[in-house]
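The values are calculated or read from the model by the stated rules, or taken from the named source; none is laboratory data. Please read these numbers as outputs of a predicted model, since none were measured by experiment. Counting neighbours? That spans all protein chains shown, and the Cβs are built from the backbone with ideal geometry, glycine included. When the accessible area is computed, the model is the full protein with side chains, heavy atoms only, and any ligands, DNA or RNA have been set aside. Shrake-Rupley method; radii C 1.70, N 1.55, O 1.52, S 1.80 Å.
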Amino acid sequence: MTTTATTPPPVAPVLSARRRWTVLAVCCLSMFLVGLDTTVVNVGLPAIGRGLGADTRGLEWIVDAYTLVLASLLISSGALADRFGRRRIFQCGLVLFGAASLLCALAPTAGALVAARALQGVGASMLSPVGLAIVVNAMPDPKERAQAIGVWASVFGLSMAAGPVTGGALLAGLDWRALFWVNAPVVAAALLLSALFVPESGERRTRRLDLPGQLLLTVVLAAVVGLLIEGPRIGWTSPAALAGYAGAAAATAAFVRVESRRPEPLVDPRLFRRPVFSGAVVGALAVFVALNTTLLLNTLYLQHTRGWTPLAAGVASLPLALGALVCAPWSGRMVGRAGPRLPLLLAGGFLTAGGLCLVRLSPHTSVLLLLTAYVLIGIGFGFANAPITNTAVSALPPDRAGVAGAITSTARQLGAALGIALAGGLVATADATELARASRPGWILVAACGALLLLVARAARPQRTAPGPDRA
């Protein structure tokens, strides 16, 4: 039987310095959208709940439908981009993301909003790893590439931290649907700029799509996150929950078995034998569990327990965004000069300190202590992203940059989904007076994620020389 191979797209040409940094700016614009939509909805959850009649579990699904689908499809989207062209898939992702945002804004029910958010996640999955692969291929010089990855990670971190502030400002004068209408002009600008400045690129040898692996990965992630969200409702030892545990374990075992036997797996288990790469993935997971736990608990506590407006709750998280804004580019420069260990140590220390500040949270905790905790967590988050991204990409050969970026982004989004599910599970049945006490284990979790990042930092190798292609 004769098969016709797909002709791979051209490898990106060598670009001028101005054009390279323009490409980075265009990709960062789309990356800002992906990160913003991960967290901008958080501050609007109470308003969405009132408008659509959704309870806490329904609100968790509105957030996690996006992050869960995004996490599931990131790697396959990277493979599609290598096969059919990165700019082409990037632009398809922008169109789908924009269309889904409009559906979110028009959703008549909570179920419709969950479905539209899932579709939005499909579009977002075509932006994150694909944009990173475009940037890596546009930057052939290792030092320049490290700087660009630092900027990329900074923009992503800033977008995640700025989501609550942006959401609060939009809700001050408009309703919750404005959280999704705002995406339309940004998507239009990114489409135009990508057509003008981003060259088409791909790999000469493209990987086959791993459909069994993709299906099993989606089942595993959905089962784990679904159990965490629905566990408080159905009971952790109920027959339904026990069946869910068995199903998740079986799907995980099947995924590992299938991937270890495929010549071109979705996730190559052998990659995780590299301690540096594994550490970066674990670090990405921990950082985003901490961030999303913080954002959800902050939103519910300030609006339900303290009675603050969405704008006030968003402004309260401004120290978190400022910490990320200041420290993320600083972290990128530190990585370029001396490697990832020091910024990872700083990230772990600040995250741990921020979580410990709120382990005794009460309805009357001082605003000064709240703001101190938020700025510490923001600083930790800002220091974390650049070393994690650069470590993951540098741990693999340059032609696997897309794979490294996709797996790390998957870990980030899985961490986001787990953070929302864990935090929501803690406070799902708590009323306004008990919410502060119920959320205390969540702040212990934030501190534990910081401690885990300290362990990852200890395993990171200091950078002696800039990694060239042969060294990588």
Note the angle between two axes, namely the Cα long axis of helix 183-197 and the longest principal axis of the Cα atoms of the chain, as a number of degrees from 0 to 90, rounded to the nearest 10.
10
Enumerate the amide H contacts of Ala432 below 5 Å, restricted to partners 5 or more residues apart or on another chain; note that Pro and chain-start residues carry no placed amide H.
none
For a quick check: with amide H placed at 1.01 Å from N, whose amide H comes under 5 Å from Gly339's, ignoring anything fewer than 5 positions away on the same chain?
Gln463
Per residue Cα convex hull volume in Å³ - calculated over the range 278-411
100
Set the Förster distance to 30 Å, then compute FRET efficiency between Glu434 and Leu356 from the Cβ-Cβ distance, nearest 0.05.
0.90
Note the full-extension length gain between Thr252 and Arg233 as 0.36 nm times their separation in residues minus their Cα-Cα distance, in nm to one decimal.
4.4 nm
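Would you kindly state how much longer the chain becomes between Leu369 and Arg458 on full extension, computed as 0.36 nm times their sequence separation minus their alpha carbon distance, in nm to one decimal? Could the numbers behind the result be given before it?
Numbers: separation 89, 0.36 × 89 = 32.04 nm, distance 2.97 nm.
Net length gain for the segment: 29.1 nm.
I'd like to check one number: the per residue accessible area of the range 93-172, probe 1.4 Å, reported in Å² as a whole number. Provide the component values of the computation, followed by the final result.
On the way: 2130 Å² over 80 residues.
Accessible surface, normalised per residue, equals 27 Å².
Short version: what are the Cα gyration tensor semi-axes of the range 58-181, square root of 5 times each eigenvalue, largest first, in whole Å?
Working: eigenvalues 163, 67, 26 Å².
They are 29, 18, 11 Å, listed largest first.
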Would you compute, for the Cα atoms of the range 168-227, the largest minus smallest coordinate along each principal axis and list the three values in descending order, in whole Å?
48, 44, 12
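How high is the relative contact order of the range 277-426, in percent, counting Cα pairs under 8 Å that sit 6 or more residues apart?
Values: 196 pairs, mean separation 65.1, N = 150.
Once normalised by length, the contact order is 43 percent.
Starting from the coordinates of the alpha-carbon atoms of the chain, obtain the Kirkwood hydrodynamic radius over all distinct pairs and give the value in Å to one decimal.
Working: mean 1/r = 0.0453 Å⁻¹.
Answer for the chain: a Kirkwood hydrodynamic radius of 22.1 Å.
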Where the accessible area of the chain is counted over protein heavy atoms with a 1.4 Å probe, how much of it, in %, is carbon and sulfur?
67
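From the P(r) of the range 197-354, can you give the percent of Cα pairs sitting at distances over 30 Å? Walk me through the intermediate numbers first.
On the way: 5499 of 12403 pairs.
It works out to 44 percent of all Cα pairs.
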For the pair Arg19 and Leu211, the simple spin-label estimate (label points 7 Å beyond Cα toward Cβ) gives in nm 3.8
Rounded to whole Hz and in sequence order, give me ³J(HN,Hα) for the range 360-372 from the Karplus expression 6.51 cos²θ - 1.76 cosθ + 1.60, θ = phi - 60°, writing x for Gly and Pro.
10, 4, 9, x, 10, 4, 5, 4, 4, 5, 4, 5, 4
Applying the Karplus parametrisation 6.51 cos²θ - 1.76 cosθ + 1.60 with θ = phi - 60° to the phi angles of the range 56-63, what ³J(HN,Hα) value in whole Hz is obtained for each residue in order, glycine and proline being reported as x?
4, 5, x, 5, 4, 5, 4, 7
Between helix 239-261 and the chain: long-axis angle, C-alpha atoms, 0 to 90°, nearest 10
10
What percent of all Cα-Cα pairs in the range 218-290 falls into each 5 Å bin, going from 0 up to the bin containing the maximum distance?
3, 14, 17, 18, 20, 14, 9, 4, 0
